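Here the structure comes first, spelled out in structure tokens, and everything after it is commentary.
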Amino acid sequence: MNESTNEIIDLASLEGSFQLAKEDFDPEQDAYDTTPIPNGVYQTRVERAEITRSKANDNPMLKWQLCILNGPHAKRRLFRQNMLMSEANFKWLLRDLHTCKVTLERLADLPNILEDLLDTIVEVKVSNGRDAQGRDSQRIYVNRYVGKWTPDPNEAPAGNAPADDDDIPF
């Protein structure tokens with residue numbers, strides 16, 4: 001453990017919030033639901049969009065984090081990736097961006113438009129199956145633009161801001 005961590009982050013100032021969370025914590029109710037999201041159509045909000053690399057082959061990709069807004073799977077997350085390697089990949093990317101009402105003229109501008117994707121409400125289709133190697137696979141298709149999300153003042157903001165990164169459990 002880094003000894004200087006306690007000097008930089010004043011954990012004592014957070015104790016009140018921690019104790020409130022501890023009083024309200026129910027391990028059964030607050031457990032992560034890891035069951036796959038069933039096939040279907042869901043309204044989601046783009047919570048995060050980032051350019052990163054694939055773990056499997058280090059290829060560049062746009063990674064989306066989508067939050068389901070309603071129904072029995074509300075608040076669960078879906079993850080979509082647009083690989084950034086081929087003309088076919090770029091057509092999927094352009095289709096998804098167009099559906100979100102975001103225009104991309106040059107690929108080099110992709111980092112500059114990620115903020116425009118945040119808080120976009122889109123209808124997505126979830127399709128579960130198996131990939132070519134026989135492994136479980138989940139495909140997420142961005143089907144339809146619904147609108148822009150209006151934040152609840154009592155809820156933490158979404159986005160790519162560093163403060164939000166600390167709140168994401170991965």
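The values are calculated or read from the model by the stated rules, or taken from the named source; none is laboratory data. Note that the structure is predicted; figures quoted are calculated from it, not measured. Counting neighbours? That spans all protein chains shown, and the Cβs are built from the backbone with ideal geometry, glycine included. Side chains included, ligands, DNA and RNA excluded: accessible areas come from the protein's heavy atoms. Shrake-Rupley method; radii C 1.70, N 1.55, O 1.52, S 1.80 Å.
Among residues of region 47-64 that are free of Cβ contacts under 8 Å to residues at least 40 places away in the same chain, those with a Cβ under 8 angstrom from a residue that is open to solvent by 70 Å² or more (accessible area, probe 1.4 Å) and aromatic (Phe, Trp, Tyr), sequence gap 6+ or separate chain, pair up as 63/79.
Within region 103-126, the set of residues being open to solvent by less than 80 Å² (accessible area, probe 1.4 Å) and touching a strand residue (DSSP E or B) at 6+ places or on another chain (Cβ under 8 Å) comprises 110, 111, 114, 117, 118, 119, 120, 121, 122, 123, 124, 126. When 103, 52 are screened for being of a type in the set (S, T, N, Q) and either over 30 Å from residue 32 (Cα atoms) or touching a Gly at 6+ places or on another chain (Cβ under 7 Å) (or both), only 103 passes.
Run down 89, 82 and say which single residue is surrounded by 11 or more Cβ atoms within 10 Å (Cβ to Cβ), without any contact (Cβ under 8 Å) to a residue 60 or more places away in the chain, of a type in the set (S, T, N, Q) and not in a strand (DSSP E or B). Sole residue among the options that is surrounded by 11 or more Cβ atoms within 10 Å (Cβ to Cβ), without any contact (Cβ under 8 Å) to a residue 60 or more places away in the chain, of a type in the set (S, T, N, Q) and not in a strand (DSSP E or B): 89.
Pairs linking a residue in region 109-138 that is under 13 Å from residue 51 (Cα atoms) to a residue that is of a type in the set (S, T, N, Q) and loosely packed, with under 13 Cβ neighbours inside 10 Å, with Cβ atoms under 9 Å and 6 or more positions apart or on different chains, are 113/103.
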